[in-house]
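See below for the structure under consideration.
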Amino acid sequence: MNTYTEGELIKCTGTFTDEASVVQDPTGVRFVFETPAGVVTEYVYGTDVEVVKDSTGVYHVNLDTTDKPGTWKYRFYGTGTGQSAGQNKFKVMRAVPVA
């Protein structure tokens, strides 16, 4: 599990491929994440600006970890043609106070 410092902007990337490992765009792309406080949020590509398409089949969302130390969980999933999913998690350490 990757570890970051509180306040970092974390880039979460999802890549969608078919059975032959060829990158493809699903009909729909969704991103859901859970903060350490248990708050769950979902974004939809084409509706929510947070989901950015980098190239065919490759999408990302930047998560702001300011004031949210602990374990974060996230999942990209495609619907319709090209349906697939993947999930991951990362840990955010509390930042050392600056005097």
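Here is the figure for the stretch 34-64: residues that are among the polar types (S, T, N, Q) and either modelled with pLDDT under 95 or in contact with a Lys or Arg (Cβ under 9 Å, 6 or more places away or on another chain) (or both) total 2. So residue 98 fits all but one of (1) under 16 Å from the mean Cα position of the chain (by Cα); (2) of a type in the set (A, V, I, L, M); (3) in a loop (DSSP other than H, G, I, E, B); what number is the exception? The number of the failed condition is (1).
Checked against (1) under 16 Å from the mean Cα position of the chain (by Cα); (2) among the β-branched types (Val, Ile, Thr); (3) closer than 21 Å to residue 91 by Cα, residue 5 passes all but a single condition, namely (1).
Tell me which residues, restricted to the stretch 1-32, are hydrophobic (A, V, I, L, M, F, W, C) and either surrounded by 14 or more Cβ atoms within 10 Å (Cβ to Cβ) or assigned to a strand (DSSP E or B) (or both). First the steps, then the outcome.
As a first pass, look at the stretch 1-32 and keep what is hydrophobic (A, V, I, L, M, F, W, C): 1, 9-10, 12, 16, 20, 22-23, 29, 31-32.
The answer is 9, 10, 12, 16, 23, 29, 31, 32.
Looking at the stretch 65-80, which of its residues are under 18 Å from residue 94 (Cα atoms) and either at pLDDT below 95 or of a type outside the set (Lys, Arg) (or both)?
Our first condition is that a residue be under 18 Å from residue 94 (Cα atoms); within the stretch 65-80, this holds for 65-73.
Hits for the stretch 65-80 are 65, 66, 67, 68, 69, 70, 71, 72.
Looking only at the stretch 24-53, count every residue that is within 12 Å of residue 74 (Cβ to Cβ), without any contact (Cβ under 8 Å) to a residue 12 or more places away in the chain and among the aliphatic types (A, V, I, L, M) and tell me the total. Explain how you work it out, then say what you get.
Residues of the stretch 24-53 that are within 12 Å of residue 74 (Cβ to Cβ), as a first pass: 30-35, 40-43, 50-51.
Retained after the next criterion (residues that are without any contact (Cβ under 8 Å) to a residue 12 or more places away in the chain): 40-41.
Those left that are additionally among the aliphatic types (A, V, I, L, M): 40.
Count: 1.
Scanning the stretch 78-99 for residues that are free of Cβ contacts under 8 Å to residues at least 60 places away in the same chain and either charged (D, E, K, R) or closer than 22 Å to residue 42 by Cβ (or both) yields 79, 80, 81, 83, 85, 87. Report, by residue number, each residue of the stretch 59-94 that is polar (S, T, N, Q) and surrounded by fewer than 17 Cβ atoms within 10 Å (Cβ to Cβ). Listed by number, the residues that qualify are 62, 66, 71, 79, 81, 83, 87, 88.
The values are calculated or read from the model by the stated rules, or taken from the named source; none is laboratory data. Not measured: the values here are computed from a predicted model. When we count neighbours, we look across all protein chains shown, and the Cβ atoms used for this are built from the backbone with ideal geometry, even at glycine.
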